[in-house]
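S.K.: Okay, here's the structure, questions in a sec.
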Amino acid sequence: MKTTISFNKWIPLTLLMINLFLFLLLMEELIDATEPNYGSWSFLMPVFGWISFYYIRITSKGKAHVSLKIMQGLNLFFIIFPLIIVVWIIILMV
């Protein structure tokens, strides 16, 4: 038996707001590294981005709304950006 999940716009929007807050923490950490340091929380962005990406992909069922495409693009950004920062930090340390 296959259950269907209806699309609820508040779930991806809430995850987007969380990701934007974590992105701001990361930017603040990259600009100014004085205490207190909350930038490490920003590495949860890929987790929330992946959850939102997967939720939109499963529940939208091929609906090609522009807002959903923008949300998916932002989710990909939130998944990839912290990984780029980690690679950049590793390169600077070597």
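The values are calculated or read from the model by the stated rules, or taken from the named source; none is laboratory data. Note that this is a predicted model, so its numbers are computed, not measured. Counting neighbours? That spans all protein chains shown, and the Cβs are built from the backbone with ideal geometry, glycine included.
S.K.: Residues in region 23-30: is at least one at pLDDT 85 or above and within 19 Å of PRO12 (Cβ to Cβ)?
M.R.: yes
S.K.: Residues to consider are GLY49, GLY73; find the one that is assigned to a helix (DSSP H, G or I), closer than 15 Å to THR14 by Cα and either under 8 Å from the mean Cα position of the chain (by Cα) or free of Cβ contacts under 8 Å to residues at least 24 places away in the same chain (or both).
M.R.: Checking each option against the conditions leaves just GLY49.
S.K.: Taking region 20-42 as the search range and keeping residues that are without any contact (Cβ under 8 Å) to a residue 12 or more places away in the chain and outside any loop (DSSP other than H, G, I, E, B), which one is farthest from the chain's Cα centre (by Cα)?
M.R.: Taking the candidates together, the pick is ILE31.
S.K.: Ok, one more. Please specify each residue of region 14-46 satisfying the condition of being polar (S, T, N, Q) and crowded, with 17+ Cβ neighbours inside 10 Å.
M.R.: Listed by number, the residues that qualify are ASN19, SER42.
S.K.: Considering region 47-88 alone, what residues qualify as being among the polar types (S, T, N, Q) and exposed (fewer than 14 other Cβ atoms within 10 Å of the Cβ)?
M.R.: SER67
S.K.: Quick one: count up the residues across region 7-19 that are in a loop (DSSP other than H, G, I, E, B) and either free of Cβ contacts under 8 Å to residues at least 12 places away in the same chain or of a type outside the set (Phe, Trp, Tyr) (or both).
M.R.: Final tally of qualifying residues: 2.
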